[in-house]
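Okay, structure first, notes after.
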Amino acid sequence: MPITTTRRRLLAGSVATLALPAFARAQGAVKPRLTVISQWSAGSDGAAITALGKKFEEKGGVWQHSPVPGFTTEMMNKLRAQIMAGDPPACSQLKGPEIAAWSKIAPTVDLDALVAAAGYEKVVAPDLAKLHKPGGKWIALPLQIYSTNMLFLSKRAMDKAKADKIPVTWADFNDLAEKMKAGGVAFPIANGGTRPDDGQKFEAALAGISPLAYRAAMMNLEKKALEGPEIKAAFAQVRKIADWMDPNVGAQHFSTNLKRFIDGDMGMMIMGGWAQGVLRNAGFKFEDFIIAPGPSDNSKPVFLLNADAFIFWQRKEADLQAGQTLMAQLVMDPAIQTMYSQITGSIPVRTDVDLSGEGWSEGQRTTAKALKDAIASNQAVLSMAHNMAQENGMTAAMIDVITEYVKNKTIKPEQAAARLAEAVESSR
Amino acid sequence: MKAGRPAFPEWVRRLPEYLMIWVPLLLSAAHLVSFSLWTIWISFTPSTLVPVTGWVGLRNYSAVGASRNWQIALDNLLLFGISFVVLSAATGLVLAILLDQRIRGENVLRSVFLYPLAVSFVVTGTVWSWLLNPGLGIQKLVHDLGWTSFKFDWLIDRDMAIWTIVVAAIWQSSGFAMALFLAGLRSVDADIIKAAQIDGAGPIRMYRRIILPSLWPITITVVVIQLQFAISTFDLVRALTNGGPGIATQLPALVVYDLMFQRSLLGRGAAAAVLMLLILLAVLLPYAAWRYVRRRRSSHA
């Protein structure tokens, strides 16, 4: 275990020495301690979890965070190694259906009492809540939410297209793209070329065409829905989007093209809410772009949920158990969720947090309102491209088909739909 | 008094040598063998997230074999392996012959050509991904110079993308082939060359009939080393195309990594790894047999 002597601890130590008689009285209670692993080490994510750790320490806890930078899967490799060695962290980052899968390989903590005490269940989207209580009991807690299908519009590209109306349906979207093209926007769609990028275009298309079909096909993997006409329509829409993208992106990250997007060389971007943070970090102003919910053919917002969460692993040590209780209380606390989301640009999991105040952006307010409306109309669904709808293996099999389709223009939508159904069958 | 007879028996005196050689050798061999056996065992189990016991026979193998990713990876391996080995050996040979002309600055040039080998494959892949990107690299440069109809977009063309990996791999490792060939050229008997010169052989004839035939053992070494590199290529592709566009440049090592660590399908990943091992053995076993036969022949001669 690394020995870290911070000034805070030295201070705490000297205070403890001075207050020895008082300490003797309080010996019955243990000092909460928490071992955490996550992938969040740098940028706004790193800043947010560091701030959370500070809050934990303010409440008298000992915060021991070991970040594993890189993809989520690399964090999972460390988690797997620790679990197999019989030494899981008290708490780790994990999300979506992976929570259910991993909870089968090591015992987790039952959080039902804590969740009930905080009244948390009432303020969490139902589909999201289900993911965090796989066996009927809460074992993990969601922390923050992103939507993966927000529509970002470049102000300059809108000017070029002489358009001022935000597209609501896919037909509006396609019209606007044509107008942009005619108005001299070289590539109406800004995009990266990574696998999740391609997956996101497809899920945004399908959920926007029919949230019902999305739920049946992507979340429940119903065979009939997978062979349904909506899937073909979604692939056809993805082809249109692909034709409007810059083919040169190769395997680049979406952030590579943000400058061209703001300059109006590229017009629209379908991306997760985190793009707002990336745009702001790159020094662009809120006046340069508009954030709206992704296109939806029934005109009511469709929200593709992506939520980060913490799962709690059973430990025998009293101090770790106390630390888990404290951490769970903090994660559900509206003030903590506010602090966290304001740093990362996400929105809080709690639907009762007021976003009208200082520190929230227009984009976050739009996103939160979209989530509320989508839950009301039962159009809040789980993101496939970001591993919320299915386990990693199934997601990867589906994205294989989608990414090949995006990059190979000779594949017909019907063929892609057949391949998708086939890929799902062979990975069940 | 003592000088006459050795202070220690022979085996004690040589003990440090044995320890230095055999302990690390046995340890690494044990690691290699035990982990290979472990992987083979896992490939027959239904393991997904963590290793579990159980027996599924060849199901993991048939699942991997039937997957589109693996089929594409095998096709690519065939194309990449052959073209990379042939072209890098040819480039290395030409460079070695040119360097062998007793030119000035040979040392500098040799270092220049060998230097790419010192660069990590991740760096090579990343830099080439910029150079070959039509919007950033060579194509844009030529367009900016005025030749706007010039087209060089292999990186984003799914039929040609595999060739970008061949190009980058040749850039990286033809210097290595050059170094081996150069050593071979230098070891050709000077007397034979002189005799050929006296007999009036021109330079082309001399290379074709005398020098190149004496290089063939080195050629086989180069081919085998490059082939095993080609089969296990991972970091170069990951940095250059990451298997894309789409899944057009998948290679077996990428599929193994993807199955094990991205998709959490340990059993299938292990099966793919075992298949890779078999491909490697298909190259290495004939090579070992050839070396064995040659050694026997030379000791009998």
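Throughout, read-outs are computed from the coordinates displayed, never taken from laboratory work. Everything numeric in this text was worked out from a predicted model, so none of it was measured. Heads up, the Cβs are rebuilt from the backbone with ideal geometry, glycines too, and the neighbour counts pull from every protein chain shown.
Only residues that are among the aromatic types (Phe, Trp, Tyr) and farther than 18 Å from residue B:98 by Cβ: list them for the stretch B:183-219, please. The one that is among the aromatic types (Phe, Trp, Tyr) and farther than 18 Å from residue B:98 by Cβ: B:216.
Residues of the stretch A:50-75 that are touching a residue at least 60 places away in the same chain (Cβ under 8 Å) and in a helix (DSSP H, G or I): A:51, A:52, A:55, A:56, A:72, A:73.
Selection of first residues in the stretch A:396-407 that are under 19 Å from residue A:72 (Cα atoms) and at the interface with chain B (Cβ under 7 Å from one of its Cβ atoms) and of second residues that are of a type outside the set (Asp, Glu) and not in a helix (DSSP H, G or I), restricted to Cβ pairs under 6 Å at least 6 apart or on distinct chains, gives the following pairs, ordered by first then second residue: A:396/B:263; A:400/B:247.
Residues in the stretch A:150-184 that are out of contact with any Asp or Glu (no Cβ under 7 Å at 6 or more places or on another chain) and part of a loop (DSSP other than H, G, I, E, B): A:161, A:162, A:163, A:164, A:165, A:166, A:167, A:168, A:183, A:184. Tallying residues that are within 21 Å of the chain's Cα centre (by Cα), among the hydroxyl-bearing types (Ser, Thr, Tyr) and outside any helix (DSSP H, G or I) within the stretch A:378-416 yields 1. Taking the residues in the stretch B:138-162 that are part of a loop (DSSP other than H, G, I, E, B) and more than 15 Å from residue B:241 (Cα to Cα) as candidates, determine which candidate is farthest from the other protein chains (Cβ to nearest Cβ). Checking each candidate, the answer is B:146. Residues of the stretch B:36-57 being touching a residue at least 12 places away in the same chain (Cβ under 8 Å) and within 14 Å of chain A (Cβ to nearest Cβ), which ones? Hits for the stretch B:36-57 are B:42, B:46, B:47, B:48, B:49, B:50, B:51.
Kindly state which helices (runs of 4 or more DSSP H) lie completely within the stretch B:197-255 and contain at least 1 residues that are within 14 Å of another protein chain (Cβ to nearest Cβ). I'd like the intermediate steps shown before the answer.
Values: elements: B:203-206, B:216-231, B:235-240.
Correct list: B:235-240.
Every test in (1) in contact (Cβ under 8 Å) with a residue 40 or more places away in the chain; (2) out of contact with any Lys or Arg (no Cβ under 7 Å at 6 or more places or on another chain); (3) at negative phi is passed by residue B:259 save one, and that test is (2). If the condition is being farther than 17 Å from residue A:408 by Cβ and away from chain B (no Cβ under 14 Å), then the stretch A:238-260 contributes A:254, A:255, A:258.
Table: residues versus (1) within 14 Å of chain B (Cβ to nearest Cβ); (2) touching a helix residue (DSSP H, G or I) at 6+ places or on another chain (Cβ under 6 Å); (3) within 29 Å of residue A:386 (Cα to Cα); (4) among the acidic types (Asp, Glu).
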| site | (1), (2), (3), (4) |
| --- | --- |
| A:32 | no, yes, no, no |
| A:40 | no, yes, yes, no |
| A:47 | no, yes, yes, no |
| A:67 | no, no, yes, no |
| A:82 | yes, no, yes, no |
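For the stretch A:374-428, a tally of residues being surrounded by 17 or more Cβ atoms within 10 Å (Cβ to Cβ), among the charged types (D, E, K, R) and out of contact with any Asp or Glu (no Cβ under 7 Å at 6 or more places or on another chain) returns 4.
Kindly check whether there is at least one residue in the stretch B:85-93 that is within 14 Å of chain A (Cβ to nearest Cβ) and in a helix (DSSP H, G or I). Show your work before the answer.
Filtering the stretch B:85-93 for residues within 14 Å of chain A (Cβ to nearest Cβ) gives none.
No, the stretch B:85-93 contains no residue that is within 14 Å of chain A (Cβ to nearest Cβ) and in a helix (DSSP H, G or I).
Across the stretch A:95-116, the qualifying residues are those that are touching a Leu at 6+ places or on another chain (Cβ under 7 Å) and closer than 18 Å to residue A:306 by Cα, and the one among them that is surrounded by the most Cβ atoms within 10 Å (Cβ to Cβ) is A:96.
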